[in-house]
Amino acid sequence: MISTVATTELPGIERVHRGKVRDVYRVGDTYLLVSTDRLSAFDCVLPTAIPLKGQVLNTLSSFWFRWSAHLVKNHLITDDVARFPSVLGPHLAMLKGRSSLVMQARRVDVECVVRGYLSGSAWTEYQKGGPVWGHMLPRGLRESQQLPEPIFTPTTKADQGHDQPITREALAVTVGTELAAQLEARSLALYNAALEYARGRGIILADTKFEFGFVGDELRVIDEMLTPDSSRFWDARTYAPGGPQQSYDKQYVRDFLLKSGWNREPPAPALPAEVVQNTTQRYCDALEILTGMRLP
């Protein structure tokens, strides 16, 4: 049986933040990002951990950070524990595969969501008949249909509670016109490049979200990137607009939770063993299909 890491404790190392999924420690003038096996859905952390999830998120994010560095700079220093500072030596067994050393960044408190296909909350919003968070879309679109062009639909960033969609105009008021334009342009550039890459490997990148922060005065993409937690990954072989799609992401867990009758407020229900196993398989499949890498 594969063990899970739902929470971390590194005696002697300062923990500066515990997010829904990641624990962040300060190591000198850098941060150590540890991807746990916690899973959040509808902005609630579930009581059931998902084996191998942390390794998938860390490995896939590192892959994308390196792959896209020529497009948008990021905060990654290394995910090779052999290059970690010696102070982390006693913890390397736990950290291996699920942690990265990154530059300290001042986070922009916005989720930068890009949608290329009509799904999830965007589909729900579209069915109301008006604009989708400020975007006027053609009439007659079906669920999961590709949009004429990707749209940028930012949300608030909440460590507790629910993220809330905001319009691009509201984002400009919140962070300033110049920064809002930079966030949108860089998010779209990353999405469009990843969309083409993933499609060549049999996966449709339906939508995703990015986070950004300032390293000094330079805006960089941070946190995680293009993972099954932050994206919708659909199987291109079975893709058919008009309904939900077969996926390699946590939509499978969302669907289970919705059918369970949960009201989307804490506490979240536990996941049965079958759902846990199938979620692990989907995450590992996404990693292998996109990168060719298998977890040891």
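The values are calculated or read from the model by the stated rules, or taken from the named source; none is laboratory data. None of these values were measured; they are calculated from a predicted model. When we count neighbours, we look across all protein chains shown, and the Cβ atoms used for this are built from the backbone with ideal geometry, even at glycine. Ligands, DNA and RNA are stripped out before the accessible areas are found, and what is left, the full protein with its side chains, is counted by its heavy atoms. Shrake-Rupley method; radii C 1.70, N 1.55, O 1.52, S 1.80 Å.
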List pairs: first residue in the stretch 160-189 and over 14 Å from C112 (Cβ atoms), second residue open to solvent by less than 60 Å² (accessible area, probe 1.4 Å) and in a loop (DSSP other than H, G, I, E, B) anywhere in the structure, Cβ distance under 6 angstrom, at least six positions apart or on different chains. H162/D43
Going by the conditions given, is Q104 modelled with pLDDT of 95 or more, open to solvent by 50 Å² or more (accessible area, probe 1.4 Å), under 30 Å from Y197 (Cβ atoms) and polar (S, T, N, Q)? yes
For the structure I just gave you, tell me whether G12 is farther than 25 Å from E196 by Cα, in contact (Cβ under 8 Å) with a residue 24 or more places away in the chain, of a type outside the set (K, R) and assigned to a loop (DSSP other than H, G, I, E, B). yes
Of the listed residues (K250, K209), the one being farther than 19 Å from L71 by Cα and surrounded by 15 or more Cβ atoms within 10 Å (Cβ to Cβ) is K250
The one condition T124 fails out of (1) open to solvent by less than 20 Å² (accessible area, probe 1.4 Å); (2) more than 16 Å from the chain's Cα centre (by Cα) is (1)
The stretch 241-261: number of residues that are of a type in the set (A, V, I, L, M, F, W, C), free of Cβ contacts under 8 Å to residues at least 24 places away in the same chain and either part of a loop (DSSP other than H, G, I, E, B) or in contact with a helix residue (DSSP H, G or I) (Cβ under 7 Å, 6 or more places away or on another chain) (or both): 1
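Yes or no: R186 modelled with pLDDT of 95 or more and outside any loop (DSSP other than H, G, I, E, B)?
Yes, satisfied.
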Show the residue pairs that are 6+ apart or on different chains and have beta-carbon atoms under 8 Å apart, the first residue being within the stretch 132-149 and within 17 Å of I166 (Cα to Cα), the second being part of a strand (DSSP E or B). V132/I151; W133/P165; H135/I151; L137/L147; L137/P148; L137/I151
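Conditions (1) surrounded by 15 or more Cβ atoms within 10 Å (Cβ to Cβ); (2) touching a helix residue (DSSP H, G or I) at 6+ places or on another chain (Cβ under 7 Å), marked per residue:
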position	(1), (2)
I2	no, no
L10	yes, yes
E14	no, no
T30	yes, no
L46	yes, no
N58	yes, no
N74	yes, yes
D80	no, no
V87	no, no
Can we say G140 is in a helix (DSSP H, G or I) and not charged (D, E, K, R)? no
What tally of residues in the stretch 263-275 results from selecting those that are open to solvent by 70 Å² or more (accessible area, probe 1.4 Å) and without any contact (Cβ under 8 Å) to a residue 60 or more places away in the chain? 3
Would you confirm, using the coordinates I've provided, whether G216 is under 25 Å from S99 (Cα atoms), loosely packed, with under 12 Cβ neighbours inside 10 Å and not acidic (D, E)? yes
Residues of the stretch 227-249 being among the β-branched types (V, I, T) and farther than 20 Å from R142 by Cβ, in sequence order, are T227
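Looking at this structure, is V24 open to solvent by less than 10 Å² (accessible area, probe 1.4 Å) and not in a loop (DSSP other than H, G, I, E, B)?
Values: open to solvent by less than 10 Å² (accessible area, probe 1.4 Å): no; not in a loop (DSSP other than H, G, I, E, B): yes.
Judged against the criteria, V24 is not a match.
Counting only residues that are crowded, with 19+ Cβ neighbours inside 10 Å and over 17 Å from the mean Cα position of the chain (by Cα), how many does the stretch 276-296 have?
1
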Condition test on R142, is it of a type in the set (K, R), out of contact with any His (no Cβ under 6 Å at 6 or more places or on another chain), modelled with pLDDT of 95 or more and surrounded by fewer than 17 Cβ atoms within 10 Å (Cβ to Cβ)? yes
I want to confirm something. Restricting to the stretch 32-44 and keeping residues that are of a type in the set (G, A, S) and either farther than 18 Å from F210 by Cα or surrounded by 20 or more Cβ atoms within 10 Å (Cβ to Cβ) (or both), which single residue is modelled with the lowest pLDDT? A41
